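A short worksheet on the structure shown next.
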Amino acid sequence: MAHLNAQAGQVESSPDYLPSAPCTMAIPISIASWQPPLAHCLRNVLANPPYQAHLFPQLLAHAARYGEELAKEANDVALRTGQKPELFQLATCLFSFRSAKGQPPIAWTLVWLLLEAHLSGRQTDLISDLAQTIRGLSSGKSSLAHTIADCKGPTQLLAKMGRLKLQNPDLGITGHQNFDSLWRRELEAFCYSLVLRSSSDVIDEDDVDLINAPLYPTILLTDISAGASGEGQDESAWFTSPAIGVDQKIPDSKLRSALDWTTHMSRRSSPDLLRPSDNVLPKDQREWEWRAAIAQAERALVEGDISAVEYGLVRIFAIETGLSRREANNVTFGTTTDGRIPVIDLSIQALRRPEALPQNQFSPAKQDSRWQPTGGEVIFPLTRQLVRLGHLLQEYRDERKLGAATNLLVSAETRSHPKHQSKVRAATASTYRLSLAIHIADKLGIDAAQMAFGETFGLSTAAVFYGRHPALAVANVVESVNNFQGCDQKSRPWEAAANHWLGSRVCPKQPPYANVWSMLAGTTQRPRGRPSDASLMAEWEKRRNRLLIHFLLATGHRPNASVLKLALHDFFPRHALAVVRDKQVDPAHSTRLVCTGWRFIGELESYVKELERITRKSDNRSARTLASSILCASSPLFVLPEGTTEAGSSSIRELLNSLDPLWGERTNLHRHGLGQFLIQNRVDPEHRYFQMGWMPHAHHATSDSAPYPPFKLGHEIAPVIDRWLDECGWQGGCSPKEPTNLIPLQPLDSWAAQRANHGKTIADGYASMKAELLENTRQLEAEVWKKIQNETVRVLFDYDANTLDSRPIFTPLSSDHLPPIDDLQVQGLLTSFSENPYTHMHRHVAARLLRAALLRTAKVHGCRVHLPQVPVISRHQIYSPFLSGSGLAVSQMDALQEAMLQRLPCLQEGGVDTVTELASMTLLSLLMHTTCSSLNDAADALRQADSAEHAASESWQIRVPYRGGHMLLTGDQAVLTARLVKLEGWKHAIEEVTRNDGASLGAFITRIAPALWKQGASNREVAHHFIETANIAKSIRCNGPERLIASGAAAPVIVSNIRAASAADNATIESIGAAQDLDNPAPQMEPPHSCRQEPAHRTVRNIANVMQAFHPDFSGTILGNPVGPPKAKRH
């Protein structure tokens, strides 16, 4: 055997070969000095993967296990002896890749095929002949350079060879006789085996509703909401039309559209990640299945059934780490994922998953030192029992010297079993993955679960773009979920490997906010006397910029010009809220609420006082006029007068760039910072989504199913926002002194114009979006189809991309042979649009155009095709209920409420006017604080107030009969109602107040709050305007279900007030119909025995005790009576 004599420095050789180290695949070498350059060449090969590298599982597994050893071993030193290609063909072939420069794409494809064949234990003829071909190709003298040089993966190689075979059936394929012979003999079949094996690893059709597509392939390849590189994604008015597989029947257009919409609405209305984990997989059942899998694997190991051991380990990994079917066929033992496949690292007792980033994610250059290091692998801790089984499996393989191909968890021998796919499918039930994802989403948010598994789970990934979660937090959640009885969690060797952050790379080492504050802080002391025009303009501009930057930092407002259009009426100072219009990709939700924090309200209060001073003391007439216009909300809050450097500017980017270049470069820097702060402080994920303006599902914090009114969100989040400003170095603002007086009060007026404008803006937004899409499609269609035609030559070898009646279509080259166009080929056509210079609009047009062409191909030629996912504009959206300027409505209701409180002590007992005024106050309170949206609704609720009930356990609220059911009154309206019904003539007073469309009510409003009276308005108009304003204010004051009822979109369940009160007290009452007159019940006949009323005992409410009675061995008592024997129980 050849070896190196280190002392003599001489080479001794023999006819035998020397196997290299395991890290270099035990490739035969001549002498030991070949080892370092061989490792160097192998590193070059692994660093330059062809397209669809996931088709090479053995090679990826080897890179994961020996990547670190290769890095230590590699050294590009000169060889000290002849290479002897006839004896060491594989090694000398790899020596051709000592440099990555100058190699054509086909060279990398063939060398990856060569190494995959070597690791798979293929015949030596394939390896030797392919190695010889690669050496000739690297020398530049091969004819392959003129035929298949641009093939970047097995699928492209198959397509190109198929086309060449059809073009020159008699003259060979490529003109390279040895390669053509090898191709026909074995290489073509080997390529097909890789592609078909990958196709069988796709997600099952049954799992589509549970586990959706990964973050990075085609679902986001066609996402048109992403802008320039690094700009955040956003939920848009689009939904993704699901793909249709080759084996699925393509429905007609109407049914296809209906199915697409049904799937979208199902995922939006009931997302799987919002389900309780016990609803997916109960905790006890999960632990039972884990123990059963452990026992099965241990038993199989004793019996020597290694295939059963591997399948058992797959099930255990699925339970503990959410291993999917696709991952199970590729997961390997190793120490690094290399960003490609999951790796089982037994040294740290964890599964390493590669981090998946959404499309368009910003990633700083290596030489850019301004950013904190972020990124790494997702760590999933493993139990001690699973780690022990993994070690035993490796020891078994090492003892039998099964070779380098045993790095995969599921060996090649096991994968060759006819029922392998069905066994893997059974072992990797999607409920395991979903259950673990739900636990992560509950603790850290939906975006953390998406990030951990690289899956969308059918929800928006906007939050993933901004989220930055500690890997240790994810690992801790997984460890707590897998804390089965008997698991020792004292040792945590994986903890050091999880000492990094996952997600957003936008995290500067030195945030610019403190420096910007120092630039805008100004002086605290105002100079005496009247300011000059120059100093007035300079101070105004500085104050305005300070207020604007404060608002951006506090709210995470998107960096667009819509912030410059905000007026004072868009703010809710008492609740630290504002309504903004920054969501430009979704017209239906363009307006949203944000929390400003209390310090911003204090800064706004100071700014308003400065504007008031300018209106009183400034000599500049234009400045006084503009300040007055801002104070009455006729002009935007952040507008500047003529004479300032930024007057008339509408570019936020220019302002941020002038303050700090880093902020100007990444204009969404403050959004990343705010989102990351909320994560680090463990703010409730739903509160974080609300503040950042994300609606990942239909049950967000301000949705129609939200249990709390929006104004409460301001009070909960405001202290957190103030802490964020302290931490980021922004020292502006203080607690407000009189926030109620900040909003300029105006007379009551009609909101019909604002409502109409809100709806028109949404409709115009959709129309503009469709027109823009149509125009972009018209402009890009020819360019995109030409690119698809060029890619068709490399991806499809049985079809040509042509046009039929001026519409794109794929034409088969032979009418007798119509092979299917599968998902790998479709992805190959689309992937070419994922790189520069193509934009998100190119990708969108490509997906739509390709889907239409494939659909036409299937219809005309009758072949089977895979239809890709495409974004479709939503036909229905739940419009945002928040109108611009609705802060005025809330302030008007607050002013009227204050006037009522001041008037109430002045009422005299016993007078007619007292009853009328108290009835008016009660009606006003009902219209402001309940679901009553009209005067008749409020009057109907009061007419039966003398039949009100209240539960003993809820004495602070009363239940009033209302239209067959009841209405719950609490707070001011409950106090006023209880006081009203004690007065004589209260029913007559209600009729008086409601007569003539509420003219008397309008007169009362004018009398107690004259500032709300619009000059020239009649009393009826005042009452009508009040009701409109109250309904606008309910968007802030009422929770989701209350808003639905008030708008008439939903009706409450009819339950009598007596039954509701008794249920609150856990009392049982006689069964009385909901619509029956409770005061004069009609005589009833004796009901049959099966329908008699419930017994007088207390209802059994402990469901756990009830469920025990269904156990076949239960021997306790049921309602005090002993149970009978099992046979009797069955009867």
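Quick one: Gly503 ticks every box in (1) in contact with an Asp or Glu (Cβ under 7 Å, 6 or more places away or on another chain); (2) on the phi > 0 side of the Ramachandran plot; (3) not aliphatic (A, V, I, L, M) except a single one, so which number is it?
All conditions pass for Gly503, except number (1).
Conditions: (1) surrounded by fewer than 21 Cβ atoms within 10 Å (Cβ to Cβ); (2) at pLDDT 90 or above; (3) over 20 Å from Arg546 (Cα atoms). Gly729 meets all but one. Number of the miss?
(3)
Name the one entry in Leu611, Leu604 that is of a type in the set (A, V, I, L, M, F, W, C), in contact with a helix residue (DSSP H, G or I) (Cβ under 9 Å, 6 or more places away or on another chain), without any contact (Cβ under 8 Å) to a residue 60 or more places away in the chain and in a helix (DSSP H, G or I).
Being of a type in the set (A, V, I, L, M, F, W, C), in contact with a helix residue (DSSP H, G or I) (Cβ under 9 Å, 6 or more places away or on another chain), without any contact (Cβ under 8 Å) to a residue 60 or more places away in the chain and in a helix (DSSP H, G or I) holds for just one of Leu611, Leu604, which is Leu611.
I'd like to know if the stretch 523-531 contains one or more residues that are surrounded by fewer than 20 Cβ atoms within 10 Å (Cβ to Cβ), assigned by TED's automatic domain parsing to the domain that holds Gln676, of a type in the set (Gly, Ala, Ser) and at pLDDT below 90.
The answer is no, given that none of the residues of the stretch 523-531 is surrounded by fewer than 20 Cβ atoms within 10 Å (Cβ to Cβ), assigned by TED's automatic domain parsing to the domain that holds Gln676, of a type in the set (Gly, Ala, Ser) and at pLDDT below 90.
For the stretch 571-607, which residues satisfy the criterion of being more than 17 Å from Phe690 (Cβ to Cβ) and among the acidic types (Asp, Glu)?
Glu603, Glu605
Results for (1) part of a loop (DSSP other than H, G, I, E, B); (2) hydroxyl-bearing (Ser, Thr, Tyr); (3) touching a residue at least 12 places away in the same chain (Cβ under 8 Å), shown as yes or no for each residue.
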| position | (1), (2), (3) |
| --- | --- |
| Arg778 | no, no, no |
| Gln827 | no, no, yes |
| Leu830 | no, no, yes |
| Glu835 | yes, no, no |
| His842 | no, no, yes |
| Val860 | no, no, yes |
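Consider the stretch 780-829. How many of its residues are touching a strand residue (DSSP E or B) at 6+ places or on another chain (Cβ under 8 Å), farther than 23 Å from Tyr192 by Cβ and among the charged types (D, E, K, R)?
0
Restricting the search to the stretch 449-499, which residues are over 11 Å from the mean Cα position of the chain (by Cα) and β-branched (Val, Ile, Thr)?
Val474, Val477, Val478, Val481, listed by residue number.
Restricting attention to the stretch 810-847, report how many residues are among the hydrophobic types (A, V, I, L, M, F, W, C) and more than 35 Å from the chain's Cα centre (by Cα).
The number of residues fulfilling the criteria is 3.
Residue by residue through the stretch 673-689, note down the ones that are hydrophobic (A, V, I, L, M, F, W, C) and in a loop (DSSP other than H, G, I, E, B).
Val683
Listed here are the residues, each with its yes/no results for (1) modelled with pLDDT of 90 or more; (2) closer than 30 Å to Leu1044 by Cα.
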site: Arg666; (1), (2): yes, no
site: Arg671; (1), (2): yes, no
site: Val683; (1), (2): yes, yes
site: Gln691; (1), (2): yes, yes
site: Met695; (1), (2): no, yes
site: His699; (1), (2): no, yes
site: Ser705; (1), (2): no, yes
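If the Cβ limit is 6 Å and pairs must be 6+ apart or interchain, which residue in the stretch 877-892 that is assigned to a helix (DSSP H, G or I) pairs with which residue that is among the aromatic types (Phe, Trp, Tyr)?
Gly887/Phe571; Gly887/Phe572; Val890/Phe572
So if I check each of Ala1049, Ala1017, which one is assigned by TED's automatic domain parsing to the domain that holds Ala941 and modelled with pLDDT under 90?
Ala1049 is the lone residue from the list that is assigned by TED's automatic domain parsing to the domain that holds Ala941 and modelled with pLDDT under 90.
Within the stretch 568-589, which residues are closer than 27 Å to Gly759 by Cβ, hydrophobic (A, V, I, L, M, F, W, C) and surrounded by 22 or more Cβ atoms within 10 Å (Cβ to Cβ)?
Leu568, Phe571, Phe572, Leu577, Ala578, Val579, Val580
I'm trying to understand the selection: among the residues of the stretch 701-728, which are farther than 21 Å from Ile1032 by Cβ and free of Cβ contacts under 8 Å to residues at least 24 places away in the same chain?
Within the stretch 701-728, just Asp726 meets the criteria.
Mind listing whichever residues of the stretch 729-762 are in contact (Cβ under 8 Å) with a residue 24 or more places away in the chain and small (Gly, Ala, Ser)?
Result: Gly729, Gly732, Gly733, Ser735, Ser750, Ala752, Gly759.
With the structure loaded, tell me whether Ile1054 is surrounded by fewer than 18 Cβ atoms within 10 Å (Cβ to Cβ) and either outside the structural domain of Arg943 (by TED's automatic domain parsing) or outside any helix (DSSP H, G or I) (or both) or whether it fails that test.
yes
If you go through the stretch 902-911 one residue at a time, do you hit one that is modelled with pLDDT under 90, touching a helix residue (DSSP H, G or I) at 6+ places or on another chain (Cβ under 6 Å) and of a type in the set (S, T, N, Q)?
Yes, the stretch 902-911 contains a residue that is modelled with pLDDT under 90, touching a helix residue (DSSP H, G or I) at 6+ places or on another chain (Cβ under 6 Å) and of a type in the set (S, T, N, Q).
Specify which of the listed residues (Asp582, Asp586, Asp619) is within 29 Å of the chain's Cα centre (by Cα) and farther than 16 Å from Arg671 by Cα.
Result: Asp586 is the single residue among Asp582, Asp586, Asp619 that is within 29 Å of the chain's Cα centre (by Cα) and farther than 16 Å from Arg671 by Cα.
For the stretch 991-1033, which residues satisfy the criterion of being basic (Lys, Arg), in contact (Cβ under 8 Å) with a residue 24 or more places away in the chain and part of a helix (DSSP H, G or I)?
Within the stretch 991-1033, Arg1020 is the sole residue that qualifies.
Residues in the stretch 403-412: is at least one polar (S, T, N, Q), touching an Asp or Glu at 6+ places or on another chain (Cβ under 8 Å) and either crowded, with 20+ Cβ neighbours inside 10 Å or in the same structural domain as His699 (by TED's automatic domain parsing) (or both)?
No.
Just one of Ala889, Ala895 is modelled with pLDDT of 90 or more, surrounded by 15 or more Cβ atoms within 10 Å (Cβ to Cβ), in contact with a Ser or Thr (Cβ under 6 Å, 6 or more places away or on another chain) and on the phi < 0 side of the Ramachandran plot; which is it?
Ala889 is the lone residue from the list that is modelled with pLDDT of 90 or more, surrounded by 15 or more Cβ atoms within 10 Å (Cβ to Cβ), in contact with a Ser or Thr (Cβ under 6 Å, 6 or more places away or on another chain) and on the phi < 0 side of the Ramachandran plot.
Please tell me if Arg163 is within 30 Å of Asp816 (Cβ to Cβ) and part of a helix (DSSP H, G or I).
yes
The values are calculated or read from the model by the stated rules, or taken from the named source; none is laboratory data. In this text the structure is predicted, and so the values were computed from the model without any measurement. Virtual Cβ from ideal backbone geometry, glycine too; neighbours counted across all protein chains shown.
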